[in-house]
Amino acid sequence: MATKKYTVTLPEELAEAIRSEVGPGGFSRYVTHAIERQRESERLGEAVEWWESEYGEATDAEMAEAAAERRGIERAHARLAEERQAAHRPTSGGNGQAA
């Protein structure tokens, strides 16, 4: 992707805090990522507004169902991560087999 240099004004404390966290050369990447996330959020908001205009607002029951589904997905991902970590742990006993 082509890039172009722009001048923006930021609060000094914020800019320096970011610069100290991301190190040399990371500031532009950080700002680019932040702007991309903001644009995604705005587009998602527009999509939600359209959805609600077409189908009405989500009910409390629908929101609870979605939250429960999200928690289930998070638990499944956590289990998968634990299984991957366990598969990459060194084995004990020196015979190459897991204990």
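Bear in mind these aren't lab numbers, they're just calculated from the coordinates by the rules spelled out. Computed from a predicted structure; not experimentally measured. Here Cβ is always computed from backbone atoms with ideal geometry, including for glycine, and neighbour counts include all displayed protein chains.
Output the residues belonging to segment 23-82 that are of a type in the set (Phe, Trp, Tyr) and more than 29 Å from residue 7 (Cβ to Cβ). Once the filter is applied, which keeps residues that are of a type in the set (Phe, Trp, Tyr) and more than 29 Å from residue 7 (Cβ to Cβ), segment 23-82 yields 50, 51, 55. Total residues in segment 44-70 satisfying the condition of being loosely packed, with under 10 Cβ neighbours inside 10 Å and within 19 Å of the chain's Cα centre (by Cα): the figure is 0. As a summary of the residue check, residue 8 satisfies the conditions (1) surrounded by fewer than 10 Cβ atoms within 10 Å (Cβ to Cβ); (2) part of a helix (DSSP H, G or I); (3) of a type in the set (A, V, I, L, M, F, W, C) except for the one numbered (2).
Among the residues of segment 16-23, is there at least one that is exposed (fewer than 10 other Cβ atoms within 10 Å of the Cβ) and either without any contact (Cβ under 8 Å) to a residue 40 or more places away in the chain or touching a Cys at 6+ places or on another chain (Cβ under 7 Å) (or both)? Yes - at least one qualifying residue is present in segment 16-23.
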